[in-house]
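Colleague: One structure, pasted below without further comment.
The values are calculated or read from the model by the stated rules, or taken from the named source; none is laboratory data. Everything numeric in this text was worked out from a predicted model, so none of it was measured. Cβ: placed from backbone, ideal geometry, glycine included. Neighbour counts: every protein chain shown. The accessibility values were calculated without ligands, DNA or RNA, using every heavy atom of the protein model including side chains. Shrake-Rupley method; radii C 1.70, N 1.55, O 1.52, S 1.80 Å.
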Amino acid sequence: MASSVSSQQDQVLVEAHSSARILTLNRPKQLNALSFQMISRLLELFFAYEEDPNVKLVILKGKGRAFCAGGDVAAVVRDTRAGANFFLKEYTLNYLMATYIKPQVSILNGIVMGGGAGASLHGRFRVATENSVFAMPETALGLFPDVGASYFLSRLPGFFGEYVGLTGSRLDGAEMLACGLATHFVPSAKLPMLEAALYEVDSSDLVIISSIIDQYCEQPSLKEQSVYNRLDVIDRCFSQKTVEEILSTLEREVVHQMDGWISATIQTLKKASPTSLKISLRSIREGRLQGVGPCLVREYRIVCHVMRGELSKDFFEGCRAILLDKDRNPKWEPSKLELIADSTVDCYFSKVNIEEWEDLKLPTRSKFNLPPYVIAKL
Amino acid sequence: MDRALQRTKILTDHLFQSSPSSPAQTPSLSSNACLNYSPPELSENYAFDIKHMRKLIDGHNVEERDWLFGLMRQSKLFNPKVRGGKVFVSPDYNQSMEQQREMTMKRIEYLLERGVFRGWLTEIGEEVQMRKFACFEVLSIYDHSIATKLGVHFFLWGGAIQFFGTKHHHDKWLRDTENFSIKCSFAMTELGHGSNVRGVETVTTYDSNTGEFVINTPCETAQKYWIGGAANHATHTIVFSQLNINGTNQGVHAFIAQIRDANGNICPNIRIADCGHKIGLNGVDNGRIWFDNFRVPRENLLNSVADVSPDGKYLSSIKDPDQRFAAFMAPLTVGRVNIAVSAVYQSKVGLAVAIRYALTRRAFSLKPNEPEILLLDYPSHQRRLLPLLAKIYAMSFAANYLKMLYVKRTPQSNKTIHIVSSSFKATFTWNNMQILQECREACGGQGLKTENRVGHLKGEYDVQSTFEGDNNILMQQVSKALLAEYVAAQKRNKAFKGLGLEHMNKPCPIIPSQLTSTTLRCSQFQMDALCLRERDLLNLFVADVSQYQAKGESTERAFIMSYQLAEDLGRAFSDRAIFQTFVEAEATLAAGSLKDVLGMLRSLYALICLEDAAFLRYGYLSVGNAATVRREITKICSELRPHALALVSSFGIPDTFLSPIAFNWIDANSWSSVEH
């Protein structure tokens, strides 16, 4: 028992510097993939810090070359019920971070994917570096962009969110800053100085914290072939009503202009789980019109259906092909977009009407004086 | 003394708070005596599934609606503005009229490119028609100008080509219309004739030498007026004109006319002037048109009902000019259906804003040092807003019924569609104006700001009570039609069938002399009361008209004289027909919290109908019973109060399409949000 507690604590390192708390995700061999223990520990710490008047700022970072490569999915697929419980805890953490009354600064010096994005992007400050690699790769795994991604992706400019969410396209630090996933870009060499400066902050004031980060900021330039320079094509194609129409519009664009990037995008979409593409698109579109709480409630409903595996087993197949057998050759079922009826997609968004699969209950936030930027997300 | 001290304290707090020199020194997390914005979603609970409720009241194409909301939300063209940390989209009404018109056109082009109008004229069937209705409802939540300009293009021009035209018109025009290769308008109204279309003065003759029709505006009152699209953009129009063949007037016919060339230059023999600035809808370029011996080819006559042969012979399958005209007008019902169902959605915007504001705005405390009271916790405020909520729910179900009636139409159902759409169009658009006005006032001064939408919508949507048929005239037609049903049933000694009048065949319902709360909430009683009013008013109206006729007045004159009963009867029919759709919608649900809440709304709707003066005027309710009804209304209002947020959230209108006072209005108005 004692050893499990200590290992749980080891997975998240805690430092205190005056009124700042520094939490370091510490599973470098697994690229800091979030385990159930890590999520529980983070929840416990975040709840405690909110009540603790001595804490004014929370800094989150990762040990090694990743900030966090996602949720520990391999563990999740082993036990369906425990898996659902994992997501329940994870989404609760996402909501807590999104509605946190104290500023969270996440230092994204490395890989930020899936669950890692959920543990950082909801916070007030997201610092990217030249080492940042962001992606929401769920559709290749038979899952969908969750952890509140339907909230933050849908709020990116134009239809970039649909593009990023459906294709799992990787973004670098400059692109993250340009589209708004990151709030600042700091070269990694300056991170030690930035952290030292943040340790001294004795305030939760956003203007002060922001101006400190600003001192170490640089304006990175987008690579010439950056996808962010293709926003016009992305908007034209990814604004279409259905996945099928997105694909056919992309195919029309390819005919007009032979373009490697567009054909690669088409290939990526064709390799992803058709079911995942459909529920992802729908989830992002609904999320665009909802607050962060309802987004997470909806995502939890979807993930429960995914875990129950009654509508499709693509998630299990994806994990087999990518994470376990590593043959990278998943057999999706249904195998084609046309084979998935709208009514099947509807099912993913409906409440699971079985007693032990309840809706996600979000923690109460009304006892706090929430800052305006949090209120705006509700 | 206490009060004075308290005021001083609040003032002092304000003064210290607002010191602009060093915001950094103000601890941002500490509370103070100033008001805080407390988001209603954190304190109010949802007792039912709001997604389920939305599906029920939107009725169809929910995903399509959200897609369209999202398309607008994501484009700069829809003028997004950040207020209180949230993005709101709404046209910039501060732009000049000309700028607003150009923006409307640009927004249409953007939606066109995204595939929103795909299939709107080239596909047939119920699915595409319902999809179109859903899109118009969503667009009309954003702005009336874009909805109107598209309505003219697709419903009026497009509908006229589809219904008045024949195959060669369909082949030639529908695809070009759908992809906006041409920009279209609809020239029916004239300066001298609006609702009375049969009186239009534009005249068309046929020249058999050239095989052309010649269109003329013979006098100033014949100028085409309010023609949406005519002032700037339209390349084509459909001209409604008397057709004069060899000196015989064959009545009103419709002709396709190109009024501008591809470069936007006005064609020869046509004069166009602007209608100028209006109280709303300035994003639509309404114009006036005069025709001077303007020639169009023979094929441009929309000839589904009547044609002219190359050598100039008039040919029609319908000999009776009255019937011919009716056949001509029937397909235009779609515009009326569209207006009726869209009106429900502006009411939803108004009420969602007013109720959300009432859940966050406080005024007056009962005792010094006590917090002020939330607006919606005042019974009087509940009494102002919550009955409107019941009305909107009732209208939503009625709108869904009307849409289904329309898309499933048959030649036999044309009469029903005409009567129901006339009645609902008038009732919903009147309700809309009443609801928006109440909501504006309920928002106080904030309701006057254009960015808060509620007040501005009144100007934008006022026209609904006039276009596609003046409301008063439509309601007269309803009463006339009911009278015709009565006469027909009597003459043939047959039972009433259709229009929901079957209750006339049953014994007259009796209202208990002492109404109780239980009775008042019983849907059978509610239906009985509404039927009783309708039945009695129909009898009275028939008697009144025949009395005038007995005195030697013509039928037409008798109708004109009996206008007061006609108005009361029209309202009685509408209220009962709307109520019936509510009962039917409720019946489809399994027992549960959602059904319970709908039951309360249904009762509230019925009881506010019972507050109509007719119930006392004609003695259907005793004075004592009327007082009981009034008391019950306040009771239901207080029971609905906990559901207010859930009920407006169920409208499914994204935050972005509401307005700053519906959310964090303190932050939206903070000094830091001022553009310095």
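Colleague: Which condition does A:CYS347 not pass, out of (1) without any contact (Cβ under 8 Å) to a residue 60 or more places away in the chain; (2) open to solvent by 20 Å² or more (accessible area, probe 1.4 Å); (3) within 28 Å of B:THR656 (Cα to Cα); (4) within 12 Å of chain B (Cβ to nearest Cβ), if it passes all the others?
Modeller: The single condition A:CYS347 does not satisfy is (4).
Colleague: State all residues of the range A:203-217 that are surrounded by fewer than 15 Cβ atoms within 10 Å (Cβ to Cβ) and more than 11 Å from chain B (Cβ to nearest Cβ); if no residue qualifies, say none.
Modeller: A:ASP214, A:GLN215
Colleague: So which residues in the range B:329-366 are of a type in the set (Phe, Trp, Tyr) and over 25 Å from B:THR466 (Cβ atoms)?
Modeller: Our first condition is that a residue be of a type in the set (Phe, Trp, Tyr); within the range B:329-366, this holds for B:345, B:357, B:364.
If the condition is that a residue be of a type in the set (Phe, Trp, Tyr) and over 25 Å from B:THR466 (Cβ atoms), then B:TYR357, B:PHE364 are the ones that fit.
Colleague: Separate question: Please tell me if A:THR99 is under 24 Å from A:GLU286 (Cα atoms), within 14 Å of chain B (Cβ to nearest Cβ) and among the hydroxyl-bearing types (Ser, Thr, Tyr). Even if it seems obvious, please write down each step before you answer.
Modeller: Values: under 24 Å from A:GLU286 (Cα atoms): yes; within 14 Å of chain B (Cβ to nearest Cβ): yes; among the hydroxyl-bearing types (Ser, Thr, Tyr): yes.
Against the criterion (under 24 Å from A:GLU286 (Cα atoms), within 14 Å of chain B (Cβ to nearest Cβ) and among the hydroxyl-bearing types (Ser, Thr, Tyr)), A:THR99 qualifies.
Colleague: Only residues that are hydrophobic (A, V, I, L, M, F, W, C), within 14 Å of chain A (Cβ to nearest Cβ) and not in a helix (DSSP H, G or I): list them for the range B:112-128, please. Walk me through it before giving the result.
Modeller: Filtering the range B:112-128 down to residues hydrophobic (A, V, I, L, M, F, W, C) leaves B:112, B:116-117, B:120-121, B:124, B:128.
Filter once more, keeping what is within 14 Å of chain A (Cβ to nearest Cβ): B:112, B:116-117, B:120, B:128.
Residues satisfying the conditions are B:VAL116, B:PHE117, B:TRP120.
Colleague: Does at least one position in the range B:587-594 carry a residue that is modelled with pLDDT of 95 or more, among the polar types (S, T, N, Q) and in a helix (DSSP H, G or I)?
Modeller: Within the range B:587-594, the subset modelled with pLDDT of 95 or more is B:587-594.
With the extra rule that they be among the polar types (S, T, N, Q), the set shrinks to B:588, B:593.
Still in the list and also in a helix (DSSP H, G or I): B:593.
Taking every residue of the range B:587-594 in turn, at least one turns out to be modelled with pLDDT of 95 or more, among the polar types (S, T, N, Q) and in a helix (DSSP H, G or I).
Colleague: Right, another one. How do the helices (runs of 4 or more DSSP H) wholly within the range B:623-676 filter down when requiring 3 or more residues that are modelled with pLDDT of 95 or more and more than 12 Å from every other protein chain (Cβ to nearest Cβ): which remain? Break it down into steps so the answer makes sense when it comes.
Modeller: Details: elements: B:623-640, B:644-649, B:665-668.
Per the criteria, B:623-640, B:644-649.
Colleague: Just to check your reading of the model, which residue among A:LEU378, A:LEU323 is within 14 Å of another protein chain (Cβ to nearest Cβ) and modelled with pLDDT under 95?
Modeller: Details: A:LEU323 fails: within 14 Å of another protein chain (Cβ to nearest Cβ).
The conditions single out A:LEU378.
Colleague: Let me ask another. Considering only residues of the range A:237-247 that are within 13 Å of another protein chain (Cβ to nearest Cβ) and buried (at least 18 other Cβ atoms within 10 Å of the Cβ), which is nearest to the chain's Cα centre (by Cα)?
Modeller: In the first step, residues of the range A:237-247 are kept if they are within 13 Å of another protein chain (Cβ to nearest Cβ); the result is A:237-246.
Right, trim to buried (at least 18 other Cβ atoms within 10 Å of the Cβ) and you get A:237-241, A:243, A:246.
Values: A:CYS237: 23, A:PHE238: 20, A:SER239: 21, A:GLN240: 24, A:LYS241: 24, A:VAL243: 21, A:ILE246: 23 Å.
Out of the qualifying residues, it is A:PHE238.
Colleague: Please work out which one of (1) within 14 Å of chain B (Cβ to nearest Cβ); (2) buried (at least 20 other Cβ atoms within 10 Å of the Cβ); (3) under 18 Å from A:LEU153 (Cα atoms) is the condition A:VAL227 fails and give its number.
Modeller: (1)
Colleague: Quick check, is B:HIS381 in contact with a helix residue (DSSP H, G or I) (Cβ under 8 Å, 6 or more places away or on another chain) and either at positive phi or open to solvent by 40 Å² or more (accessible area, probe 1.4 Å) (or both)?
Modeller: On the way: in contact with a helix residue (DSSP H, G or I) (Cβ under 8 Å, 6 or more places away or on another chain): yes; either at positive phi or open to solvent by 40 Å² or more (accessible area, probe 1.4 Å) (or both): no.
Criteria not met by B:HIS381.
Colleague: Another question about this same structure. Within the range A:258-278, work out how many residues are within 16 Å of A:PHE238 (Cβ to Cβ) and open to solvent by less than 30 Å² (accessible area, probe 1.4 Å).
Modeller: So the count comes out to 9.
Colleague: Then there's this: Name every residue in the range B:595-604 that is open to solvent by 10 Å² or more (accessible area, probe 1.4 Å) and in contact with a helix residue (DSSP H, G or I) (Cβ under 6 Å, 6 or more places away or on another chain), in order of residue number.
Modeller: B:MET600, B:ARG602
Colleague: Do we have A:LEU250 as surrounded by fewer than 24 Cβ atoms within 10 Å (Cβ to Cβ), within 14 Å of another protein chain (Cβ to nearest Cβ) and hydrophobic (A, V, I, L, M, F, W, C) here?
Modeller: The answer is yes for A:LEU250.
Colleague: Determine which single condition B:SER422 fails, assuming it passes every other condition in (1) over 30 Å from B:ALA668 (Cβ atoms); (2) surrounded by fewer than 24 Cβ atoms within 10 Å (Cβ to Cβ).
Modeller: Just one mismatch for B:SER422, condition (2).
Colleague: A follow-up question, please. Cβ-Cβ under 6 Å, sequence separation 6+ or interchain: first residue in the range B:518-540 and outside any helix (DSSP H, G or I), partner surrounded by 18 or more Cβ atoms within 10 Å (Cβ to Cβ). Which pairs?
Modeller: B:ARG521/B:SER603
Colleague: OK, next. Yes or no: the range B:532-548 includes at least one residue that is open to solvent by 20 Å² or more (accessible area, probe 1.4 Å), under 20 Å from B:PHE579 (Cβ atoms) and of a type in the set (Gly, Ala, Ser).
Modeller: no
Colleague: Inspect all residues belonging to the range A:79-89 and state whether any of them is among the β-branched types (Val, Ile, Thr), surrounded by fewer than 19 Cβ atoms within 10 Å (Cβ to Cβ) and either within 14 Å of chain B (Cβ to nearest Cβ) or farther than 30 Å from A:SER203 by Cβ (or both).
Modeller: So the first thing to find is which residues in the range A:79-89 are among the β-branched types (Val, Ile, Thr), and the list is A:80.
Pick out the ones that are also surrounded by fewer than 19 Cβ atoms within 10 Å (Cβ to Cβ) and you get A:80.
Next, from what is left, pick out any that are either within 14 Å of chain B (Cβ to nearest Cβ) or farther than 30 Å from A:SER203 by Cβ (or both): A:80.
Checked the range A:79-89: at least one residue is among the β-branched types (Val, Ile, Thr), surrounded by fewer than 19 Cβ atoms within 10 Å (Cβ to Cβ) and either within 14 Å of chain B (Cβ to nearest Cβ) or farther than 30 Å from A:SER203 by Cβ (or both).
Colleague: So, of the residues in the range A:276-297 that are within 15 Å of the chain's Cα centre (by Cα) and within 18 Å of A:THR344 (Cα to Cα), which turns out to be nearest to the other protein chains (Cβ to nearest Cβ)?
Modeller: Of everything passing the filter in the range A:276-297, A:ILE284 is nearest to the other protein chains (Cβ to nearest Cβ).
Colleague: Of (1) under 12 Å from the mean Cα position of the chain (by Cα); (2) farther than 16 Å from B:TYR461 by Cβ; (3) surrounded by fewer than 23 Cβ atoms within 10 Å (Cβ to Cβ), B:GLU441 satisfies all except one. Which?
Modeller: (1) is the only condition that B:GLU441 fails.
Colleague: In the range A:350-364, which residues are closer than 20 Å to A:GLY293 by Cα and either more than 11 Å from chain B (Cβ to nearest Cβ) or within 22 Å of the chain's Cα centre (by Cα) (or both)?
Modeller: Of the residues in the range A:350-364, the ones closer than 20 Å to A:GLY293 by Cα are A:350-352, A:357-364.
A:VAL352, A:TRP357, A:GLU358, A:ASP359, A:LEU360, A:LYS361, A:LEU362, A:PRO363 - these are the residues of the range A:350-364 that are closer than 20 Å to A:GLY293 by Cα and either more than 11 Å from chain B (Cβ to nearest Cβ) or within 22 Å of the chain's Cα centre (by Cα) (or both).
Colleague: I need a count of the residues in the range B:626-664 that are touching a helix residue (DSSP H, G or I) at 6+ places or on another chain (Cβ under 7 Å) and closer than 20 Å to B:CYS443 by Cβ.
Modeller: The total comes to 20.
Colleague: Looking only at helices (runs of 4 or more DSSP H) that lie completely in the range A:161-233, which have at least 1 residues being within 18 Å of the chain's Cα centre (by Cα)?
Modeller: Details: elements: A:173-179, A:191-199, A:206-214.
Here the list reads A:173-179.
Colleague: Considering only residues that are assigned to a loop (DSSP other than H, G, I, E, B) and over 25 Å from A:PHE86 (Cα atoms), which ones fall in the range A:110-138?
Modeller: Initial filter on the range A:110-138 (assigned to a loop (DSSP other than H, G, I, E, B)): A:110, A:114, A:119-124, A:129-132, A:136-137.
Residues satisfying the conditions are A:THR129, A:GLU130, A:ASN131, A:SER132.
Colleague: Is it true that B:LYS449 is at pLDDT 95 or above and open to solvent by 20 Å² or more (accessible area, probe 1.4 Å)? Please lay out each step first, then the result.
Modeller: Working: at pLDDT 95 or above: yes; open to solvent by 20 Å² or more (accessible area, probe 1.4 Å): yes.
Answer is yes for this residue.
Colleague: Could I ask something else about it? Would you mention how many residues in the range B:81-111 are in contact (Cβ under 8 Å) with a residue 24 or more places away in the chain and either under 24 Å from the mean Cα position of the chain (by Cα) or within 11 Å of chain A (Cβ to nearest Cβ) (or both)?
Modeller: Of the residues in the range B:81-111, 20 are in contact (Cβ under 8 Å) with a residue 24 or more places away in the chain and either under 24 Å from the mean Cα position of the chain (by Cα) or within 11 Å of chain A (Cβ to nearest Cβ) (or both).
Colleague: For A:TYR373, which of the numbered conditions (1) away from chain B (no Cβ under 13 Å); (2) surrounded by fewer than 18 Cβ atoms within 10 Å (Cβ to Cβ) fails to hold?
Modeller: Result: A:TYR373 passes all but (1).
Colleague: If you don't mind, there's one more thing I want to ask. Regarding the range B:57-74, can at least one residue be identified that is surrounded by fewer than 18 Cβ atoms within 10 Å (Cβ to Cβ), out of contact with any Ser or Thr (no Cβ under 8 Å at 6 or more places or on another chain) and under 23 Å from B:THR450 (Cβ atoms)?
Modeller: Among the residues of the range B:57-74, not one is surrounded by fewer than 18 Cβ atoms within 10 Å (Cβ to Cβ), out of contact with any Ser or Thr (no Cβ under 8 Å at 6 or more places or on another chain) and under 23 Å from B:THR450 (Cβ atoms), which makes the answer no.
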